[in-house]
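Visitor: Dropping a structure here in structure tokens format, bear with me for questions.
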Amino acid sequence: MAILPIRIYPDPVLRVKCHRVEQFDAGLRRLAADMVETMHAAPGVGLAAPQVGVELRLAVVDVSVGEDASLVKVLVNPEVVRREGLETEIEGCLSLPGINDKVDRPLTITVQAQDLEGQPLELATEGFMARAICHEVDHLDGVLFTDHLRGLRRERARRQLKRLAEEQEVAV
Ligand SMILES: [Zn+2]
């Protein structure tokens with residue numbers, strides 16, 4: 001397994017609408033394992049394939065950040081098929097270092113996805129895990145959490161993103 005470099009805003013791969021996974025092979029299993037290791041090392045509670053430069057609909061989530069292996073979820077071609085309720089909590093993103101803000105998310109969701117063998121799976125969850133999954137599924141369509149902000153929060157995020165983009169330019 002390997003720790004992969006995490007793509008930072010404004011890397012254009014973060015704005016791509018990712019392709020569906022069609023090949024459930026050793027390459028996919030390796031990518032998922034590397035993404036789990038990368039997420040744990042960061043540390044973070046979720047990671048989507050475009051965040052490591054891969055334009056595929058694959059995301060990993062672990063709200064225990066490596067403490068409980070049973071909580072590691074690998075979601076291939078995930079779709080949120082039910083959303084209920086509303087909760088507003090602080091969110092951040094490994095691709096947007098230093099930016100955190102309150103984001104509205106559904107309180108409970110149902111996700112349909114496939115596992116690494118291509119078998120269908122369905123997951124009903126709530127609270128923090130529901131939030132993490134919604135955040136990662138957004139990434140697969142090129143959506144960042146700052147896109148959900150409105151009003152003054154959106155203005156502040158816009159300034160922070162601009163600064164982050166300038167820093168990345170200097171760093172390159
Ligand atoms: Zn993110």
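The values are calculated or read from the model by the stated rules, or taken from the named source; none is laboratory data. The structure displayed is predicted, hence computed values, not measured ones. Here the Cβ positions follow ideal geometry from the backbone for every residue, glycine too, while neighbour counts run over all protein chains shown.
Visitor: Which condition does residue 101 not pass, out of (1) free of Cβ contacts under 8 Å to residues at least 40 places away in the same chain; (2) in contact with a Lys or Arg (Cβ under 6 Å, 6 or more places away or on another chain); (3) not aliphatic (A, V, I, L, M), if it passes all the others?
Guide: It is condition (1) that residue 101 fails.
Visitor: So which residues in the stretch 40-57 are without any contact (Cβ under 8 Å) to a residue 40 or more places away in the chain and within 14 Å of the ligand (Cβ to nearest atom), if there are any at all?
Guide: The one that is without any contact (Cβ under 8 Å) to a residue 40 or more places away in the chain and within 14 Å of the ligand (Cβ to nearest atom): 43.
Visitor: Which condition from (1) closer than 19 Å to residue 91 by Cβ; (2) modelled with pLDDT under 95; (3) of a type outside the set (A, V, I, L, M, F, W, C) is the one that residue 70 breaks?
Guide: (1)
Visitor: Here are the criteria: (1) at pLDDT 95 or above; (2) touching a Pro at 6+ places or on another chain (Cβ under 8 Å). Tell me which single one residue 79 does not satisfy.
Guide: Going through the list (1) at pLDDT 95 or above; (2) touching a Pro at 6+ places or on another chain (Cβ under 8 Å), residue 79 breaks only (2).
Visitor: Suppose we filter the stretch 2-19 for residues that are touching a residue at least 12 places away in the same chain (Cβ under 8 Å), surrounded by fewer than 18 Cβ atoms within 10 Å (Cβ to Cβ) and not in a loop (DSSP other than H, G, I, E, B); how many remain?
Guide: 3
Visitor: A follow-up question, please. Are any residues in the stretch 38-61 out of contact with any strand residue (DSSP E or B) (no Cβ under 7 Å at 6 or more places or on another chain) and either surrounded by 17 or more Cβ atoms within 10 Å (Cβ to Cβ) or among the aliphatic types (A, V, I, L, M) (or both), and if so, which ones?
Guide: Step one: filter the stretch 38-61 for residues out of contact with any strand residue (DSSP E or B) (no Cβ under 7 Å at 6 or more places or on another chain), giving 40-44, 50-54.
Result: 40, 41, 42, 44, 50, 51, 52, 54.
Visitor: Now a separate question. Across the stretch 124-147, which residue is nearest to the ligand (Cβ to nearest atom) among those that are surrounded by fewer than 17 Cβ atoms within 10 Å (Cβ to Cβ) and within 26 Å of residue 23 (Cβ to Cβ)?
Guide: From the stretch 124-147, those surrounded by fewer than 17 Cβ atoms within 10 Å (Cβ to Cβ) are 124, 126-128, 141-143, 147; that's our starting set.
Applying the additional criterion that residues be within 26 Å of residue 23 (Cβ to Cβ) yields 141-143.
Working: 141: 12, 142: 12, 143: 10 Å.
Applying the filter and picking the extreme gives 143.
Visitor: For residue 76, indicate whether it is touching an Asp or Glu at 6+ places or on another chain (Cβ under 7 Å) and assigned to a strand (DSSP E or B). Reasoning before the result, please.
Guide: Details: touching an Asp or Glu at 6+ places or on another chain (Cβ under 7 Å): yes; assigned to a strand (DSSP E or B): yes.
Spelling it out, residue 76 is indeed touching an Asp or Glu at 6+ places or on another chain (Cβ under 7 Å) and assigned to a strand (DSSP E or B).
Visitor: Still on this model: Have a look at 107, 152, 86 and point out the one that is free of Cβ contacts under 8 Å to residues at least 24 places away in the same chain, in contact with a Pro (Cβ under 7 Å, 6 or more places away or on another chain), away from the ligand (no atom under 16 Å from the Cβ) and more than 25 Å from residue 55 (Cβ to Cβ).
Guide: Checking each option against the conditions leaves just 86.
Visitor: Here is a further query. Output yes when any residue across the stretch 111-118 is within 24 Å of residue 33 (Cβ to Cβ), within 16 Å of the ligand (Cβ to nearest atom) and in contact with a Leu (Cβ under 9 Å, 6 or more places away or on another chain), and no when none is. Outline the logic, then answer.
Guide: Kept after step one, since they are within 24 Å of residue 33 (Cβ to Cβ), are these residues of the stretch 111-118: 111-118.
The next check asks that each one be within 16 Å of the ligand (Cβ to nearest atom); those that pass are none.
There is no residue in the stretch 111-118 that is within 24 Å of residue 33 (Cβ to Cβ), within 16 Å of the ligand (Cβ to nearest atom) and in contact with a Leu (Cβ under 9 Å, 6 or more places away or on another chain).
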